[in-house]
1. For the stretch 27-44, which residues satisfy the criterion of being outside any loop (DSSP other than H, G, I, E, B), surrounded by fewer than 16 Cβ atoms within 10 Å (Cβ to Cβ) and in contact (Cβ under 8 Å) with a residue 12 or more places away in the chain?
2. I'm told E179 meets every condition in (1) open to solvent by 40 Å² or more (accessible area, probe 1.4 Å); (2) within 22 Å of C57 (Cα to Cα); (3) not in a loop (DSSP other than H, G, I, E, B) except one. Can you identify the failing condition by its number?
3. Please go through (1) over 18 Å from the mean Cα position of the chain (by Cα); (2) aromatic (F, W, Y); (3) in a loop (DSSP other than H, G, I, E, B) for F101 and return the number of the only condition it doesn't satisfy.
4. E211 - would you say it is closer than 30 Å to I329 by Cβ, surrounded by fewer than 19 Cβ atoms within 10 Å (Cβ to Cβ) and of a type in the set (D, E, K, R)?
5. For the stretch 317-338, check the following and say yes or no: at least one residue is of a type in the set (D, E), under 18 Å from the mean Cα position of the chain (by Cα) and not in a helix (DSSP H, G or I).
6. Among the listed residues D135, D84, D80, D88, identify the single one that is more than 18 Å from the chain's Cα centre (by Cα), open to solvent by 30 Å² or more (accessible area, probe 1.4 Å) and closer than 22 Å to K218 by Cα.
7. Out of all the residues in the stretch 93-108, is one or more surrounded by fewer than 16 Cβ atoms within 10 Å (Cβ to Cβ) and of a type outside the set (D, E)?
8. Quick check on the stretch 216-227. Is at least one of its residues modelled with pLDDT of 90 or more, open to solvent by 40 Å² or more (accessible area, probe 1.4 Å) and among the hydroxyl-bearing types (S, T, Y)?
Amino acid sequence: MNANQWKDRLAFASKLNPGKLINAALVFGSYLYSRWTGVPVSKGLPLSLSLEPTTACNLRCPECPSGLRSFTRPTGNLKDTLFDKVLDEVAPHVIAFTFYFQGEPFIHSGLCSMIEKAHKKGLYTIVSTNGHFLDQEQCEEIVRSGLDRLIVSVDGASQEIYETYRKGGQLTQVTSGIERLIQTRARLKSRKPYLILQHIVFKHNEDQLAEIKALASKLKVDKLELKTAQVYDYEEGSELIPETEVYARYQKKESGGFVIKNRLLNHCWKMWQGCVICWDGRVVPCCFDKDARHQMGNVSEERLAVIWRSPDYLKFRQRILENRKGIDICTNCTEGGF
């Protein structure tokens, strides 16, 4: 672990206080009790939260509802009033606050203002981006906002390979933005944001891993993360599934076709420690519910704490404990809890 990684961990630890630690203990205890007994109990409140700034995106990625423009749920942008309401409520117990679900977060003109508010409330802030909006003004705002972690997706070391998935994207625009951000961070004498270059491994880019590692080194990012690709219709195979098994979420059956590697055991830590809020306030149980098919409630109408402990949420957790394979959004999931 390098010095920047240690600093990032210390930044996360600095967000903890006695109240949040007690809440974390309640959440963890509830999860263990629920696993052991098969009876869903939810003490405490979310430790992490993902909030969707917008469903809009500048790219056309083929496995993304934003890229495909294929949502059946309403699309739009998060309003300041709703954000302020959510932030005021969750700040005492949430540790990590992610400004991302679907869409490209930096399309929302007020993103850095929201990050700054969350930073001042003592939350560890995270943004995931495709990296096309990192101009000089934006980089200044990002660093000054206090953002803790920025994840930039770079799924190819050449334009030809990059745009195979990131359709409409320009690799040089992304890499220039990363360089600009690092320069701005240095000029403003800030160690934040912790910068991760994320590379989703597909069949068409798996032979570029050495080049991606070289690119990450050249750009001087804090960390390179290799991520497996989610494919919606994977059962009959897909041109996106890599042949290198360690980088694939799926494995080929002897009879043909593919299955997900995850055994989908009847438990999931995510269901007890965090949730996702869509731009319009809809609360969904996790980031795999991209079209908000399992709405637990709406924070524009009631408090998240009420939704978190509601009968609907407990019923959903009960389904996880009884038959996780029977829940549609779980069947393509790599999470298994612990």
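1. G29
2. (2)
3. For F101, the failing item is (1).
4. Working: closer than 30 Å to I329 by Cβ: no; surrounded by fewer than 19 Cβ atoms within 10 Å (Cβ to Cβ): yes; of a type in the set (D, E, K, R): yes.
In short, no.
5. Looking for residues that are of a type in the set (D, E), under 18 Å from the mean Cα position of the chain (by Cα) and not in a helix (DSSP H, G or I), one finds at least one in the stretch 317-338, hence yes.
6. None of the other options fit; the residue is D135.
7. Checked against the condition, which is being surrounded by fewer than 16 Cβ atoms within 10 Å (Cβ to Cβ) and of a type outside the set (D, E), the stretch 93-108 yields no hits at all.
8. yes
The values are calculated or read from the model by the stated rules, or taken from the named source; none is laboratory data. Every value quoted in this text rests on a predicted model; they were computed, and no experiment measured them. No Cβ is skipped: glycine too gets one built from the backbone with ideal geometry, and neighbour counts run over all protein chains shown. Side chains included, ligands, DNA and RNA excluded: accessible areas come from the protein's heavy atoms. Shrake-Rupley method; radii C 1.70, N 1.55, O 1.52, S 1.80 Å.
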